[in-house]
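**Q** The structure that follows is given in the form of structure tokens.
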Amino acid sequence: MADGVLARYRALPAPERQAIIRTASSDLRAQLATVEAEMAMDRSPGGLAAVLTHGKEMQARHLDIIDRIYQRIARGERIRAMVTMPPRAGKSRRTSRWGPAWYLRRQPDHRFMLASYAAHLADDHGRWIRNTITEHAPTLGINLKYGSQAANRFDIDGHEGGMVTAGVGGPLTGRGAHVACVDDPFKGSEDAGSPTQRDRVWDWWQSVLLTRLEPQGSVLLVNTRWDDDDLSGRLLKEEPDDWIVIDLPAIALTDDDPLGRQPGEALWPERYNEDDYARIRKSVGERVWWALYQQQPRPLEGGVWQWSWITSNRCSPVAFQGVDLTRILVAIDPSGGAGTANDETGIVAAGRTSEGELYLLDDKSGRHGANAWGVEACRLAIDLNADGLVVETNFGGDMTRQVLIQAWQELERTGRTAGKPMPRIIEVNAKQGKRLRAEPIAQLYEQGRVHHVGEFDTLERQMVTWIPGMDSPDRMDAAVHALTELADPSQAGLGTQHYSDQRLRGRR
């Protein structure tokens with residue numbers, strides 16, 4: 001067929017094209033079938049997938065939303081789109097495989113950047129796209145450049161475009177990108193629940209990914225929600241007006257659902273209907289259900305702590321000036337070590353009045369090295385005139401005691417102890433489970449006996465989002481250690497042994 005005839009055919013509505021195909025000769029029908037396949041591949045990532053898999057690739061209305069985002073980007077719009085949806089909904093195949101393959105076919109002179117929580121996962125997507133282009137090169141009309149065909153970086157032959165993949169937090173080398181896609185920046189709840197890891201992802205987002213974008217580059221973030229302060233949550237707080245947000249919970253919650261669902265309707269009933277999701281909800285529990293499936297991470301009602309127990313009994317710094325404390329402790333929960341997900345050192349100070357009221361005074365937790373945490377804890381003890389240092393020794397043994405002694409001696413040599421005696425070191429070997437240690441303290445909060453002097457955002461968020469079975473954060477553990485020591489009346493004066501230097505004189 002002549003080019004002009006083909007152009008007119010392509011411009012016809014689908015019913016008219018189908019009528020022509022029905023009356024065409026066998027030879028012409030074969031040519032038109034090829035044209036129809038090309039038109040489908042041009043239309044969307046889903047169309048490309050249908051052609052190359054002969055209709056086997058799953059299609060769904062919620063995947064069409066991702067297709068439409070890619071279509072807008074390919075037309076030259078500068079898009080920042082965020083799509084949140086539950087697991088097993090086909091988001092990664094459409095977003096991180098068919099989408100990039102389709103885009104590079106449409107825009108072979110553009111660069112595509114893909115990142116996921118782990119480099120090997122992003123590389124797997126890159127390998128799949130590379131192999132798809134190689135296998136279907138004649139059909140796609142593009143091929144890979146010789147010598148540039150690695151899974152994590154490849155170029156399109158005869159064009160300026162190509163692809164690079166990386167793990168979130170890793171480098172993104174090479175030229176800039178016209179499209180950056182981030183598919184699940186967090187591995188799971190433990191990853192997203194770590195303030196340190198959330199900050200790392202945020203720093204990488206700002207200092208690495210965004211700096212690689214072309215001036216009119218587009219960003220697509222597709223993920224499941226794990227935490228109110230995960231990447232999606234922070235972006236919505238920092239720049240809410242910059243993002244197109246497509247929120248797709250497993251079960252529709254509102255009348256303005258992007259798919260037009262009524263509340264209670266499932267996202268993809270052909271795969272998971274309402275009964276399926278009811279069973280999943282029962283299996284995974286409420287916190288995972290609301291975060292991972294409904295895209296609404298929230299503190300779990302019925303967890304160990306509740307917000308109202310903290311907020312209702314908070315003490316302002318001004319009101320605290322009239323409080324007399326009989327004891328002050330600084331508690332330390334050392335990091336689990338390099339490479340652990342929870343790599344903060346918890347350093348929390350608390351005090352007790354003669355009436356048994358408990359006050360959380362300060363939180364100096366953070367990513368401190370072996371020597372730095374000792375100095376930080378001792379400086380806090382000096383500032384607050386603490387009489388004891390409570391330290392968990394489960395993993396450090398004598399080393400934790402030695403770190404504190406050396407830190408105090410260093411401060412003493414430089415005159416920063418102001419002549420004060422070193423606080424007694426109280427070693428805690430937490431043999432009990434975390435729930436058994438946390439629940440009695442949570443009960444004191446419920447009774448209104450614990451008062452936070454000011455606000456401690458990170459610590460408080462950790463408390464109200466922690467449920468048994470989760471890895472407990474070091475800040476929270478440190479607070480539990482300090483309050484446990486202070487809450488036990490037998491610990492006044494450190495058990496039956498009172499201080500011989502009378503350091504508690506003047507405290508009732």
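**Q** Open to solvent by 20 Å² or more (accessible area, probe 1.4 Å) and modelled with pLDDT of 95 or more: which single residue out of Asp255, Asp276 fits that description?
**A** Residue meeting the stated conditions: Asp276.
**Q** Just name the residue that is modelled with the lowest pLDDT out of those in segment 318-347 that are surrounded by fewer than 23 Cβ atoms within 10 Å (Cβ to Cβ) and among the hydroxyl-bearing types (Ser, Thr, Tyr).
**A** Within segment 318-347, the match that is modelled with the lowest pLDDT is Thr340.
**Q** Would a scan of segment 193-213 turn up a residue that is closer than 25 Å to Arg93 by Cα, of a type outside the set (Phe, Trp, Tyr) and part of a strand (DSSP E or B)?
**A** Looking for residues that are closer than 25 Å to Arg93 by Cα, of a type outside the set (Phe, Trp, Tyr) and part of a strand (DSSP E or B), one finds at least one in segment 193-213, hence yes.
**Q** Conditions: (1) surrounded by 14 or more Cβ atoms within 10 Å (Cβ to Cβ); (2) modelled with pLDDT under 95; (3) touching a helix residue (DSSP H, G or I) at 6+ places or on another chain (Cβ under 8 Å); (4) assigned to a helix (DSSP H, G or I). Glu38 meets all but one. Number of the miss?
**A** Every condition holds for Glu38 apart from (3).
**Q** Based on this model, can you work out whether Leu494 counts as under 21 Å from Leu325 (Cβ atoms), touching an Asp or Glu at 6+ places or on another chain (Cβ under 6 Å) and at pLDDT below 90?
**A** It is false that Leu494 is under 21 Å from Leu325 (Cβ atoms), touching an Asp or Glu at 6+ places or on another chain (Cβ under 6 Å) and at pLDDT below 90.
**Q** Moving on. How many residues, within segment 359-401, are among the polar types (S, T, N, Q), in contact with a helix residue (DSSP H, G or I) (Cβ under 9 Å, 6 or more places away or on another chain) and open to solvent by 30 Å² or more (accessible area, probe 1.4 Å)?
**A** Here the count works out to 1.
**Q** Somewhere in segment 126-138, is a residue part of a strand (DSSP E or B) and open to solvent by less than 50 Å² (accessible area, probe 1.4 Å)?
**A** Scanning segment 126-138 turns up no residue that is part of a strand (DSSP E or B) and open to solvent by less than 50 Å² (accessible area, probe 1.4 Å).
**Q** Select from segment 7-35 the residues that are of a type in the set (Ser, Thr, Tyr) and open to solvent by 30 Å² or more (accessible area, probe 1.4 Å) and list them in ascending order.
**A** Once the filter is applied, which keeps residues that are of a type in the set (Ser, Thr, Tyr) and open to solvent by 30 Å² or more (accessible area, probe 1.4 Å), segment 7-35 yields Thr23, Ser25, Ser26, Thr34.
The values are calculated or read from the model by the stated rules, or taken from the named source; none is laboratory data. Here the structure is a predicted model, which is why all the values come from computation and not from measurement. Here Cβ is always computed from backbone atoms with ideal geometry, including for glycine, and neighbour counts include all displayed protein chains. These area figures cover heavy atoms from the full protein model, side chains too; ligands, DNA and RNA do not enter into them. Shrake-Rupley method; radii C 1.70, N 1.55, O 1.52, S 1.80 Å.
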